[in-house]
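The values are calculated or read from the model by the stated rules, or taken from the named source; none is laboratory data. Please read these numbers as outputs of a predicted model, since none were measured by experiment. As a convention, Cβ positions derive from the backbone with ideal geometry for all residues, glycine included, and neighbour counts pool all protein chains shown. Note: accessible area is taken over every heavy atom of the protein model, side chains too, but ligands, DNA and RNA are not part of it. Shrake-Rupley method; radii C 1.70, N 1.55, O 1.52, S 1.80 Å.
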Amino acid sequence: MSNISEEINKRRTFAIISHPDAGKTTLTEKFLLYGGAINLAGSVKGKATARHAVSDWMEIEKERGISVTSSVLEFEYGGYHINILDTPGHQDFSEDTYRTLMAADSAVMVIDASKGVEAQTRKLFKVCGMRGIPIFTFINKLDRDANDTFELLDDIEKELGIATCPVNWPIGCGKSFKGVYDRQKREVITYSDTEKGTKEGETSVYSIDDDTGVINAITKEKYDILTEEIELLDGASAEYDLDRVRDGKLTPVFFGSALTNFGVEVFLQYFLKMTTTPLARKSGDELIDPVGHDFSAFVFKIQANMNKAHRDRIAFMRICSGKFEASREVKHVQGGKTMRLSQPQQIMADSRKILDEAYAGDIIGVFDPGIFSIGDTVCAPGEDIVYEGIPTFAPEHFARVRQVDTMKRKQFVKGIEQIAKEGAIQIFQEFNTGLEEIIVGVVGVLQFDVLKYRLENEYNVDIRLEPLPYEHIRWIGNKDIDPDKITGTSDMKKIKDLKDRPLLLFINAWSVGMVLERNPGLELLEFGTQ
């Protein structure tokens, strides 16, 4: 047991979230450089010949320079075993981000120093709030002109409603960015430029009390500004309190530049000490202890066709407790069957490594023959652990999907059902019309482009999308109500999901209230469950 306990306590599993273009992917790559997982950082937005970011593996991501799926990246650093869940920054993929946060124990929020809190940061932060997980903030791009540092902190506190505690403090910005001041160690750290994507770089450290050394390193003017700001900070900012951080009430803030490696390793070292070992999770009323309990895990993501050669489906599982061994039998709770997990592997973007064992906190990918759904639990035979379900976000955009070539019906249905099982889209059919037409619902319109792209490239099926005017969807909560007898409004449409559950679509928000008035006792829900 001591070995299992030791291994689990080394695990740190966190998600990285940000508004698009805040530098999240660059920061992720620098972490991997320090862990020795890669030797050269790529660039998402480089020319066609440039290397792409390790975490962006889908072709459409490389073409557009955005992350649309969550990647899992794993490496060792300083005695820790680190699992990074890289999430899509674009708001059209916030549902995927939410599912990924279900598998994380903490989140790193990356903010662009010249822009502060942006719209998408707010949305993602709310998602973190729903999970109640610790949030660490990395204010990035100090190598460019930045907003006033105190204003940036104020922005986080006002916009996100969380107290801030700067762990380090920037000295200058843009061309005059010299380094950071470590408040706990009372040291000034200056760096040489390491822009070429390597981790080697000269680091110089000076005690703040060594006036001469600091002034020579950063200039007298910057030294005077720094001492004044430190005094202000000590009087005004929140005290560091680990309990408040772990309750999601206080965010430790770090400053740096992922592109030039200023402050990245300092951040990583502090973060690993401050963040938690794998957290206990609830199954019903029972709290499942990661160390004391036998193996259990849940599926938070399903991804088809990661490997074009194999056309396979991978179910990503977060191990919640105990030790996983490839040879052992496990119980798939929802399917009610005992089985061995096929081809358990560690996924590093588009490369894979078959695993013999893994521990609580780790993320594993297993081959899915079509039996797993998002939210499913696997555990030791003889147990019935069911972790809290992952909610389905209500789609906000709808379109009717038509195939260009009706002879390819089989590939079309297979493709669209597989992509729906991944949770990227939701699919519905006309209610009681006998029509085989499919209606697709998405949280963000960019998902329509991804659907079209993937059906074309992975299933060789061309489709046409006909936008529908509906913006509001409701699941019917009552099991005993006949949908045919519901008195609707002129802008209401009845549809059903893949499990034959009836749903209602509305063009106008006020119609929802009107339908409830016209049908006493009717229960309409904004969320479904997977």
Per the filter on region 413-454, residues of a type in the set (Phe, Trp, Tyr) and out of contact with any Leu (no Cβ under 7 Å at 6 or more places or on another chain) are Phe431, Tyr453
Exception for Ile133 within (1) β-branched (Val, Ile, Thr); (2) under 24 Å from Asp289 (Cα atoms); (3) at pLDDT 90 or above falls at (3)
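Within region 432-449, track down each residue that is open to solvent by less than 40 Å² (accessible area, probe 1.4 Å) and at pLDDT 80 or above. Spell out the reasoning first.
Step one: list which residues in region 432-449 are open to solvent by less than 40 Å² (accessible area, probe 1.4 Å), which gives 438-444, 446-448.
If the condition is that a residue be open to solvent by less than 40 Å² (accessible area, probe 1.4 Å) and at pLDDT 80 or above, then Ile438, Ile439, Val440, Gly441, Val442, Phe448 are the ones that fit.
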State the number of residues belonging to region 140-168 that are under 22 Å from the mean Cα position of the chain (by Cα), in contact (Cβ under 8 Å) with a residue 24 or more places away in the chain and either assigned to a helix (DSSP H, G or I) or under 16 Å from Leu124 (Cα atoms) (or both). 4
Just give me the residues in region 367-385 being touching a Ser or Thr at 6+ places or on another chain (Cβ under 6 Å) and either within 22 Å of Phe14 (Cα to Cα) or not in a loop (DSSP other than H, G, I, E, B) (or both), in sequence order. Phe367, Cys379
Scan region 202-215 and give yes if some residue there is part of a helix (DSSP H, G or I) and among the aliphatic types (A, V, I, L, M), otherwise no. yes
Among (1) outside any loop (DSSP other than H, G, I, E, B); (2) in contact with a Ser or Thr (Cβ under 8 Å, 6 or more places away or on another chain); (3) not acidic (Asp, Glu), the one test that Phe448 misses: (2)
Provide a single number: the residues in region 1-25 that are crowded, with 24+ Cβ neighbours inside 10 Å and in a helix (DSSP H, G or I). 2
Please verify whether Thr277 is in contact with a helix residue (DSSP H, G or I) (Cβ under 8 Å, 6 or more places away or on another chain), at pLDDT 90 or above and open to solvent by 20 Å² or more (accessible area, probe 1.4 Å), treating the condition exactly as stated. yes
Anything in region 173-191 that is surrounded by 18 or more Cβ atoms within 10 Å (Cβ to Cβ) and within 15 Å of Glu229 (Cβ to Cβ)? List them, or say none. Cys173, Phe177, Lys178, Gly179, Val180, Tyr181, Asp182, Arg183, Val188
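If the requirement is being closer than 30 Å to Arg186 by Cβ and open to solvent by less than 20 Å² (accessible area, probe 1.4 Å), which of these qualifies: Phe295, Phe316, Phe300, Phe254?
Values: Phe295 fails: closer than 30 Å to Arg186 by Cβ; Phe316 fails: closer than 30 Å to Arg186 by Cβ; Phe300 fails: closer than 30 Å to Arg186 by Cβ.
From the options Phe295, Phe316, Phe300, Phe254, the qualifying one is Phe254.
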For Met407, which of the numbered conditions (1) open to solvent by less than 70 Å² (accessible area, probe 1.4 Å); (2) part of a helix (DSSP H, G or I); (3) of a type in the set (A, V, I, L, M) fails to hold? (1)
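Considering every residue within region 451-466, establish whether at least one is in a loop (DSSP other than H, G, I, E, B), in contact with a strand residue (DSSP E or B) (Cβ under 8 Å, 6 or more places away or on another chain), modelled with pLDDT of 85 or more and crowded, with 16+ Cβ neighbours inside 10 Å. Let's see the steps before the verdict.
Initially, region 451-466 is screened for residues in a loop (DSSP other than H, G, I, E, B), giving 460-462.
Next cut, in contact with a strand residue (DSSP E or B) (Cβ under 8 Å, 6 or more places away or on another chain) only: 461-462.
Among the residues that remain, those that are also modelled with pLDDT of 85 or more are: 461-462.
Now restrict to residues that are crowded, with 16+ Cβ neighbours inside 10 Å: 461.
Checked region 451-466: at least one residue is in a loop (DSSP other than H, G, I, E, B), in contact with a strand residue (DSSP E or B) (Cβ under 8 Å, 6 or more places away or on another chain), modelled with pLDDT of 85 or more and crowded, with 16+ Cβ neighbours inside 10 Å.
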